[in-house]
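The values are calculated or read from the model by the stated rules, or taken from the named source; none is laboratory data. Being a predicted model, the structure only gives us computed values, none of them experimental. No Cβ is skipped: glycine too gets one built from the backbone with ideal geometry, and neighbour counts run over all protein chains shown. In case anyone asks, the SASA skips ligands and DNA or RNA and just uses the protein heavy atoms, side chains included. Shrake-Rupley method; radii C 1.70, N 1.55, O 1.52, S 1.80 Å.
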Amino acid sequence: LAGKWLVSLNRIPEAKEMAEKILPVFSNRSDVWKLWAKINMLLSKENSNYLIASLDASINGLIHYDEDIKNNIDVDDLVQNNNYDDNIDCKLNFVLPILSTLFSHGNEEIYTLFLKRLKEIPVNSWYQVLPQIIARMNSEDQLLREVVEELIVTISDSIPHSIFYSLLVPLSSNNTGR
């Protein structure tokens, strides 16, 4: 709570110091990883080296998210308001920063970390963003295309119908670039 407060006051170095102290104690809590990801993302504006820590934190948060929801741990305002129907939408708080880092700031180090951790991430985390993922198959960045391909294969191993459905739009388009 104090870390969120410090971030809201834009006291990022102090928030980082506090989060570093609580992270080892609460490393299985997605809300702590969410805060750590946000702190590192804010720090990455000054130093891009923090992007790796932010990506890793978002992945850790996503990994622990479902368990926190099962245990009624307040990871999002929706849980606090007893609105458990939208839990998948709350996952976007982790998924979107991951995709943003991959798509906008990707480099070999970021791609390597993501691929190394991909199998740990619950596959259902990607369902809502499949069209955005598939759209990146046309990226000019060869490494990003390989990452996207691996992500699509991973998803299709568990939920092949979701991939098929998401591919219907680009396959039925008259756009030859798709």
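Tell me, what is the 1.4 Å probe accessible area of D157, in Å² to the nearest 10?
110
What is the spin-label model distance, in nm, from Q128 to N28 if the labels are put 7 Å beyond Cα along the C-beta direction?
2.6
Report the full-extension gain for the segment A2 to E67: residue separation times 0.36 nm, less the Cα-Cα distance, to one decimal in nm.
Details: separation 65, 0.36 × 65 = 23.40 nm, distance 2.33 nm.
So the chain would gain 21.1 nm between A2 and E67.
Students often forget the sequence filter, so: which lysines lie under 22 Å Cα-Cα from K91 once same-chain residues fewer than 8 apart are removed?
Qualifying lysines at Cα under 22 Å: K4, K34, K38, K70, K116, K119.
How would H64, H161, H105 line up by accessible area, probe 1.4 Å, largest first?
Details: H64 50, H161 125, H105 80 Å².
From most accessible down to least: H161, H105, H64.
Give the ranking of W33, W126, W5 by solvent-accessible surface, highest area first, calculated with a 1.4 Å probe. Intermediate results must be reported in sequence, preceding the final value.
Details: W33 30, W126 5, W5 135 Å².
Sorted by accessible area, descending: W5, W33, W126.
Leaving out ligands, DNA and RNA but keeping every protein chain, what accessible area does Y50 have, in Å² rounded to the nearest 10, with a 1.4 Å probe?
70
If L42, L23, L168, L102 are ordered by their accessible area, calculated over protein heavy atoms with a 1.4 Å probe, which sequence runs from highest to lowest?
Details: L42 50, L23 25, L168 75, L102 5 Å².
Of L42, L23, L168, L102, the descending order of accessible area is L168, L42, L23, L102.
For the stretch 1-68, I need the span (max minus min coordinate) of the C-alpha atoms along each principal axis, in Å, sorted largest to smallest.
Principal-axis extents of the stretch 1-68 (Cα, largest first): 33, 24, 18 Å.
Using 20 Å as the cut-off for backbone N distance, which residues of the stretch 133-147 belong to the label zone defined by a point 7 Å from the Cα of K119 along Cα→Cβ?
146-147
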